[in-house]
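Read-outs: derived from the displayed coordinates by stated rules, not from any lab. Here the structure is a predicted model, which is why all the values come from computation and not from measurement.
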């Protein structure tokens, strides 16, 4: 799919909104909601640019966000409500299908190599005791992509 495109907007988001200086002790155990503003910033921007491009006659515009979905904060995710394996028929019932975008990694795009090719120094974020989500600092870079044709 990606090979059908010649033009793309590679987006760089630096830091975590509202958390310039951050230590692992400030991150709650259930860290996904803690990063809500960051996830909405990245995915909301990607969605806005994709939608704007589409209505500007780039009908094949396609955006890639980052991070897990966060849109069902006060509702229950349809997929998470299901027992066992979730197939595509359940995912089609998503309450926020118009907002959710796949990640670049989900499409097989090497985000680190892509950033490096753009001249950006992208690094993995160290986590305390190698524990996922317990990042050592708020100096992180997130990447999004909107393909245009």
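How big is D for the range 98-146, in µm² s⁻¹ as a whole number, if Stokes-Einstein is applied with the Kirkwood radius of its Cα pairs at 10 °C and 1.306 mPa s? Intermediate results must be reported in sequence, preceding the final value.
On the way: Rh = 12.6 Å.
The calculation lands on 126 µm²/s.
What's the extension gain from residue 36 to residue 2 if we count 0.36 nm per residue and subtract their Cα-Cα distance?
Values: separation 34, 0.36 × 34 = 12.24 nm, distance 2.81 nm.
Taking 0.36 nm per residue and subtracting the Cα distance, the gain is 9.4 nm.
As a check on your grasp of the helix formula, calculate [θ] at 222 nm for the chain: sum -39500 (n - 2.57) over DSSP H runs of n ≥ 4, divide by the residue count, round to the nearest 500.
On the way: 4 runs with 35 residues, N = 149.
Theoretical 222 nm ellipticity from helices: -6500 deg cm²/dmol.
What do the square roots of 5 times the Cα gyration tensor eigenvalues come to for the range 1-121, in whole Å, largest first, as semi-axes of the equivalent ellipsoid?
After diagonalising the Cα gyration tensor, the semi-axes are 25, 23, 14 Å.
What full-extension length gain, to one decimal in nm, is calculated for residue 54 and residue 131 as 0.36 nm per residue of separation minus the Cα-Cα distance? Walk me through the numbers before you get to the answer.
On the way: separation 77, 0.36 × 77 = 27.72 nm, distance 3.97 nm.
Length gained between residue 54 and residue 131: 23.8 nm.
So what is the orientation-averaged projected area of the range 37-82, using the convex hull of its C-alpha atoms, in nm²? Before the final figure, lay out the partial values.
Working: hull surface 16.0 nm².
Averaging across all directions leaves 4.0 nm² for the Cα convex hull.
Regarding the range 51-105, what's the average projected area of the Cα-atom convex hull, expressed in nm²?
4.9 nm²
Given the C-alpha centroids of the range 1-66 and the range 90-113, what is the distance between them in whole angstrom?
Value for the Cα centre distance between the two parts: 11 Å.
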